[in-house]
Amino acid sequence: MFDIHRIIRPNIKDLVPYSSARDEFTGEAKVFLDANENSLGSPLLKWYNRYPDPHQQVLKEKLSHIKGIAPAHIFLGNGSDEAIDILYRAFCEPGRHNVVVCPPTYGMYEVSAHINDVAVRKVPLTEAFQLDLEAMEAAVDADTRIIWLCSPNNPTGNSLDRGDIEMILNNFDGIVVVDEAYINFSRHRSFIPDLADYPNLVVLQTLSKAWGLAALRVGMAFASADIIGIMNRIKPPYNINEAAQQLASDALEEVEQVNEMIRILVTERDRLAAALQTHPLVQHVYPSDANFLLVKVNGGRKVYDFLLTQGIVVRDRSTTPGCADCIRITVGTPTENEILLRALDAFASA
Ligand SMILES: *Cc1c(COP(=O)(O)O)cnc(C)c1O
């Protein structure tokens, strides 16, 4: 049975969180002399002299409507990477607890574990880039606190089998994170509606990919109100700056524009995949539910180096276990994708 009280670190349970000026007084007033801000203003717009809302209420309200979940179930971080770090600090005792990651996958789960001195148990994905449930069960012990799942997975592009994820949610009594950074490009549905059924589930999403706002650094975690409450206690009070809150809030009004970009990128992904499939350099194009393609080529590093000489940067994944000779290609604009295809033609006929 999952019990949040069993897995929260005692120092976090006992923590008295920082109480900001914005926490101690909320509401309207004539004169704000409580936060040592510059009362005269700022060189920029007027409101930049004030500290931002530590609870990001406007942003969460808008996200709540888009995602269909109450603000009490939403955590906002300075990118998903902050949410990842905070989950370690909430639930993993340094030097004692461990987590499970399933490579090839997003590198931050492991880096953040090392920063927090948490042991990483690696259970590679199967050849089809699916979860190896038996090996995962064998890897988990009483000190395993988090299982990291990424679906659609980076860098492989595929979605994990939904039944497998449900199996883990039902049988593991620690935290199960499902990182859905690429969910908007996928045919599969999010796990957000399943949060009511799983008290141990944390869903990560981000404004960095489909929403086109990587520069703003806004990541989201969706979970039980208990888990979100714990994450909010740990975060720096002003972790989402005012410019990011204002701009993200404006962007969330543009759902239709974003949906149009998603449609274009998915069409381009499928066109690019079809063109690559028949290319003489290409051994295999892995199926993708994301805005990138993992492509196995003849001589991964050589192709990567050649593309660089043409001013085209892709990601060399050829040294990643399970991804020999693979490059990861982000879906570009139609023009950029043509430039890439022509460069590959030039390399093949050279
Ligand atoms: C890009 C990406 C993210 C997003 O990270 P941010 O810090 O929100 O920009 C998260 N998870 C995965 C798997 C990613 O590929």
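The values are calculated or read from the model by the stated rules, or taken from the named source; none is laboratory data. All values derive from a computational prediction rather than experimental measurement. Positions of Cβ are generated from backbone atoms using ideal geometry, with glycine treated the same way; all protein chains shown enter the neighbour counts.
Data overview
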| item | result |
| --- | --- |
| Of residues in the range 317-340 being closer than 16 Å to Pro103 by Cβ and without any contact (Cβ under 8 Å) to a residue 60 or more places away in the chain, the one farthest from the chain's Cα centre (by Cα) | Ala324 |
| Residue in the range 145-163 that is surrounded by the most Cβ atoms within 10 Å (Cβ to Cβ), counting only those that are among the polar types (S, T, N, Q) and within 12 Å of the ligand (Cβ to nearest atom) | Thr156 |
| Breaking point among (1) touching a residue at least 40 places away in the same chain (Cβ under 8 Å); (2) of a type in the set (A, V, I, L, M, F, W, C); (3) loosely packed, with under 12 Cβ neighbours inside 10 Å, for Ile8 | (3) |
| Tally, over the range 9-44, of residues that are modelled with pLDDT under 95, among the hydrophobic types (A, V, I, L, M, F, W, C) and not in a loop (DSSP other than H, G, I, E, B) | 1 |
| Index of the failed condition, Lys30 passing every other in (1) of a type outside the set (S, T, N, Q); (2) more than 16 Å from the ligand (Cβ to nearest atom); (3) buried (at least 20 other Cβ atoms within 10 Å of the Cβ); (4) over 27 Å from Asp173 (Cα atoms) | (3) |
| Selection from the range 282-322 of residues that are at pLDDT below 95 and acidic (Asp, Glu) | none |
| Single residue of the range 140-158 satisfying the filter (in contact with a helix residue (DSSP H, G or I) (Cβ under 8 Å, 6 or more places away or on another chain) and not in a strand (DSSP E or B)) that is nearest to Ile84 (Cα to Cα) | Ser151 |
